[in-house]
1. Test of understanding: among 384, 414, 431, which residue is outside the structural domain of residue 346 (by TED's automatic domain parsing), in contact with a Gly (Cβ under 6 Å, 6 or more places away or on another chain) and within 26 Å of residue 623 (Cα to Cα)?
2. Only strands (runs of 3 or more DSSP E) wholly contained in the range 213-331 count here; list those with 2 or more residues that are in contact with a Lys or Arg (Cβ under 6 Å, 6 or more places away or on another chain) and at pLDDT 85 or above.
3. Residues of the range 51-107 being free of Cβ contacts under 8 Å to residues at least 40 places away in the same chain and basic (Lys, Arg), which ones?
4. For residue 475, which of the numbered conditions (1) under 32 Å from the mean Cα position of the chain (by Cα); (2) surrounded by fewer than 22 Cβ atoms within 10 Å (Cβ to Cβ) fails to hold?
5. When both residues are 6+ apart or on different chains and their Cβ atoms are under 6 Å apart, which pairs have a first residue that lies in the range 382-402 and is closer than 14 Å to residue 415 by Cα, and a second that is assigned to a helix (DSSP H, G or I)?
6. So residue 422 ticks every box in (1) touching a residue at least 40 places away in the same chain (Cβ under 8 Å); (2) assigned by TED's automatic domain parsing to the domain that holds residue 460; (3) under 29 Å from the mean Cα position of the chain (by Cα); (4) surrounded by fewer than 20 Cβ atoms within 10 Å (Cβ to Cβ) but one. Which box is left unticked?
7. Scan the range 174-189 and give yes if some residue there is among the aliphatic types (A, V, I, L, M), in a helix (DSSP H, G or I) and under 20 Å from residue 328 (Cβ atoms), otherwise no.
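The values are calculated or read from the model by the stated rules, or taken from the named source; none is laboratory data. None of the values given here were measured: they were computed from a predicted structure. Here the Cβ is made from the backbone with ideal geometry for all residues, glycine too, and neighbour counts use every protein chain on show.
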Amino acid sequence: MEINYQSNFKLNKTEKKFLRKQIKARHTLLRHEGIEAVSYGTQSLVVANGGLGNGVSRKQLLLVLEKCGCVEALLMPPNKPYSFVRYKTIEESKNAYASLNGKEIVDDLGQKVILYLNFVEKAQWKKLGLQALPPGLTVVEEIVSSEDENMLLEIINWAEDIDNQNFQKSLKHRRVKHFGYEFYYENNNVDKDKPLPEGLPDICDSFLEKWLAEGYIKHKPDQLTVNQYEPGQGIPAHVDTHSAFEDEIISLSLGSEVVMDFKHPDGVTVQVMLPRRSLLVMRGESRYLWTHGITPRKFDTVQASEPYKSGIITSDIGDLTLSKRGIRTSFTFRKVRHTPCTCSYSLVCDSQRKETPPSLPGSDKEASQLEQEYVHRVYEEIAGHFSSTRHTPWPHVVDFLKALPDGSIVADIGCGNGKYLGINKELYMIGCDHSKNLVDICRKRQFQAFVCDALGVPVRSGSCDACISIAVIHHFATPERRVAALQEIVRLLRPGGKALIYVWAMEQEYNNKKSKYLRGNIISQREKEEIKNDKSTQALLEQMFNTGSQNSASSVTSIDDIQKKESSSKKLTNSELPVHTSRTSFHSQDVLVPWHLKTKTCKNKPVETFDSGGSHDPSLVFHRYYHVFRDGELEATCQTLSKINILQSYYDQGNWCVILQKV
C-alpha cells in the first residue's frame, strides 16, 4: 500500500481506524502482558488475536503464516489471545507484517478475527515449567472399555419424567442426576437421613468392586452424581464439602476428554487432561484443599504432537494446539460422611470451622492490629504493582463525579493511586490514603493527596461538597469501625453534601450474571493520549503502509525459555481467618484475599509475567483482610448513621454501592 505523508500523515478513514487498532493492540500487549514491540524489522513477530485463547489453532495459523515465508518457530502460550512467530529471514518477517496486518481469518469456532502484528526483539511469556499433579491426585486411563462406556451412557435416560426419585435436574451450566442421595446445590450438601430408595444403578456395582480389588479406590461409594456437559459448558471451581463426603472422590469421564483446572489457595494452577474413559481419583490435599473446576469453553489447549494423555498440560508453547470438546458425561462417586471431618486443613474445613470459628478481633485494639498486619502493611508492600492494575475508573463513579456542580470540593477517602482525582477538572479534589507509597504515586501524578487514617481525616467538618470511598470500608475489621469510618465521611460533608460508597459484595454472581470485577481490559483516555503522542508512531506508519522501503539493520533474535519457581505462601501468623481462593465465590464474610506480587525486572532481562510488565516472585504472596458485604448490609450500616438519607443503592460488578446525603 502506498501512502503520501508529509509532516503529518494523511490517512483515509479506513487506514486511521486500522492504525488505531494496531497501536492499541501493541499498547495492550505491553501493559497487560509485558510484551514490548519495536519499530524496526526483526525475525520475530507477536500476532495479536492469533492465539489459542481466542480460538485459533496451531494448524490454522500456520497455514496463514507459511504463505509469507519459512516459519522457524510458532509459539502459542496456553489460553492467551496472541502468539509469536519467527521467520528464517527478516525479509520474510517484513513480508508477513505487510501482508497479514489487518488480515481477517475465521477461527475454529467459525467467528471472524483480525490479526494485528508487531515486531519484537524476543518472545516473552510466563512459562509454567515442570509441575506435579496436586498431592493425592491420580488419573487412570482406559479404566473402562468402549462397550462398557456405551452401556453406562445408555442407563442415563435424560428424557424421563422429572418426578422420578433420581431427581433429574437441569442446571444453568449442565444436566445432572443424583443416585443414592440427592445433592442440594443451595448448601452443597446432602440430607444424610433421606437416601434415595433405588440407590446406585446396579451396573455400577461391578465396576466399583473391580476398582476396589485392583486398588484404584479404597472405599465403596454410596452416592453418585451424573453430569452431562455440552461443548461450552463447565462447572465453577469448588471443593466438595468436607462435612458431606469422605476423603476419596472419584470421577469417570465418558464421551469426550476435557481439561480440568486445579487451583491451590496460594494461586498455583495446574491444568490436568482427563481423557475419555479415564478415572480421576482425589484424596488428601487434592480433595480437601485444591479447588477443581471446568472452564466453560468449546476448545481445550492440548499437546499437538502426540495422542492426548492424562496428566498436566505442559508449557511447551511450541507444541500446543486446540482440541474441540464433545458431549462429556461424568460419573462422580462419593461416600457420604456420617461423622465430622477431622482433616488437616482446618482453615477450609466446614466441620472444624463450626468448632473453631475464624479468629475475628474481640476488641478495637485487636482489630487495629489485624488491619495493620493485613491491610496497611500489605498495601505499602504492593503499592507499585497494585497501582499498575488500577487504571480504568468505574463508570458509575465517573458519572457521580461528573454530575457534581463545577467548583465542588470533593474528598476521596482511601484514594489509592488517585485514579479518580483527575476525572473532573472542574472539581477541587483532594485524596487521602493510609499508604504512604500510594500517596507518593498520587503526588508524582500531580494530584493533591496526603497520608492519614480514614477514621481520623484532618479536614474541617462540613467543608466538603462530596466524598467518595471506593473499596475502603470493607477493610475495617469490626462493625463498629466500619460505622466509625462512614461517620467520619458524613462529618466531612456540608449539609446537602453527597457521598458515594463502594464495598465488595459477597454475591459475586447476581441476577444470573457473574461479576467482572478487576477484569476490565479497556484502554483509558489517558492511555489513548499516550498512544496519540507516541514518538514511534511515525516509524510504525512507515512500516505499516510502506513496508519494504526501509533498510534498517536488525539483530538476530532468540526466544527465551523461562523457568517458574515453585510457589509458596508467606506464613499467616496470628490468624485463623479463611484464605479466599481468587475468582471463586465467597464462603465467608471475613476472609484473607491473596495478592501475588509482580516485580519489575531490569532492562534487557527476561520478563516472566504478563501483569504490568513485571516478573512474578511466587514467594511474595500477601494477604489482605476483607469483610465482604451481604445484600442489604451496607444500607443497614448506613442507616445507623445520624443526619443522612440514602438516595440510591445498587449493585455494580461485584460491589454493593450507596449514595447518601447529609441532612
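1. On the way: 384 fails: in contact with a Gly (Cβ under 6 Å, 6 or more places away or on another chain); 414 fails: in contact with a Gly (Cβ under 6 Å, 6 or more places away or on another chain).
When all the criteria are applied, what remains is 431.
2. On the way: elements: 223-229, 235-238, 245-254, 258-263, 269-274, 279-282, 291-294, 299-303, 320-324.
In the range 213-331, 223-229, 245-254 are the strands (runs of 3 or more DSSP E) which contain 2 or more residues that are in contact with a Lys or Arg (Cβ under 6 Å, 6 or more places away or on another chain) and at pLDDT 85 or above.
3. 67, 103
4. It fails just one condition, (2).
5. 383/437; 383/438; 387/441
6. Result: residue 422 fails condition (1) only.
7. Just the residues of the range 174-189 that are among the aliphatic types (A, V, I, L, M), to begin with: 176.
If we keep only those that are in a helix (DSSP H, G or I) too, we end up with none.
Within the range 174-189, none of the residues are among the aliphatic types (A, V, I, L, M), in a helix (DSSP H, G or I) and under 20 Å from residue 328 (Cβ atoms).
Listed here are the residues, each with its yes/no results for (1) modelled with pLDDT of 95 or more; (2) surrounded by 19 or more Cβ atoms within 10 Å (Cβ to Cβ); (3) closer than 30 Å to residue 30 by Cβ.
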site: 451; (1), (2), (3): yes, no, no
site: 482; (1), (2), (3): yes, yes, no
site: 490; (1), (2), (3): yes, yes, no
site: 506; (1), (2), (3): no, yes, no
site: 510; (1), (2), (3): no, no, no
site: 524; (1), (2), (3): no, no, yes
site: 534; (1), (2), (3): no, no, yes
